[in-house]
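One structure is given here, and the rest of the page talks about it.
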Amino acid sequence: MHDDLRIQHGITRGEPFTIQVNGNPVTAYPGETIAAVLLANGWRIFRHTPLSGEGRGPFCGMGLCFDCMVTLNGQANVRACVTFAQPGDQVERLI
């Protein structure tokens, strides 16, 4: 697990909950997208392209591109930037 990169002062958050990212417990907060949770934990690469193997992460941040895709609760190709984290989510970075 990485250091928490969230803003620490001047922010009011709800009660934290846990999701699993590649089998590791990670803290999330209500209203955070999967992408926000991953970025807050220092993960910049969410998947690798099938042809070149290059790393990809959030690019557009609004669900128009396909760079932030993850597997969520067994469902492949979920856009992490527009999908809110829920308690107990199982996220797989496609690396």
statement: Amide H contacts under 5 Å for residue 33, restricted to residues at least 5 apart in sequence or on another chain and with H modeled in the peptide plane, are 85
- line: A correct Karplus calculation of ³J(HN,Hα) over region 11-21, with 6.51 cos²θ - 1.76 cosθ + 1.60, θ = phi - 60°, whole Hz and x for Gly and Pro, returns 10, 9, 10, x, 5, x, 9, 10, 10, 10, 10
- line: Taking 0.36 nm per residue of separation between residue 82 and residue 13 and subtracting their Cα-Cα distance, the length gained on full extension comes to 22.9 nm
query: Which value in Å does the Kirkwood hydrodynamic radius of the chain take, with 1/r averaged over all unlike C-alpha pairs and then inverted?
result: 13.4
field: Rg(Cα)/(2.2 N^0.38 Å) for region 1-45, N = residue count
entry: 1.10
field: Stretch gain in nm, segment residue 45-residue 71, where the contour uses 0.36 nm per residue and the Cα spacing is subtracted
entry: 8.0 nm
query: Short version: ³J(HN,Hα) in whole Hz for each residue of region 38-53, in order, from phi by Karplus 6.51 cos²θ - 1.76 cosθ + 1.60 (θ = phi - 60°), x for Gly and Pro, what are they?
result: 4, 5, 5, 9, x, 8, 9, 9, 9, 7, 10, 5, x, 8, 9, x
- request: Principal axes first, then extents: for the Cα atoms of region 54-95, list largest minus smallest coordinate on each axis, whole Å, largest first.
  value: 26, 21, 12
- line: Diffing region 71-82: the Karplus 3J(HN,Hα) column from phi (6.51, -1.76, 1.60, θ = phi - 60°), in whole Hz with x for Gly and Pro, holds 9, 10, 6, x, 9, 6, 6, 8, 6, 5, 6, 10
statement: Sorting 57, 40, 28 by the position of each Cα along the dipole of the chain (Lys, Arg +1; Asp, Glu -1; all at Cβ), the one nearest the positive end of that ordering is 57
query: Under a 5 Å amide H to amide H cut-off, with H placed in plane at 1.01 Å, what residues pair with residue 21 once short-range neighbours are removed?
result: 26, 91
message: With a cut-off of 8 Å between alpha carbons and a minimum separation of six or more residues, what is the relative contact order of the chain in percent?
response: 32
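No value in this document is a laboratory result; all are computed from the given coordinates. Because the structure is a prediction, the values reported are computed rather than measured. Heads up, the Cβs are rebuilt from the backbone with ideal geometry, glycines too, and the neighbour counts pull from every protein chain shown.
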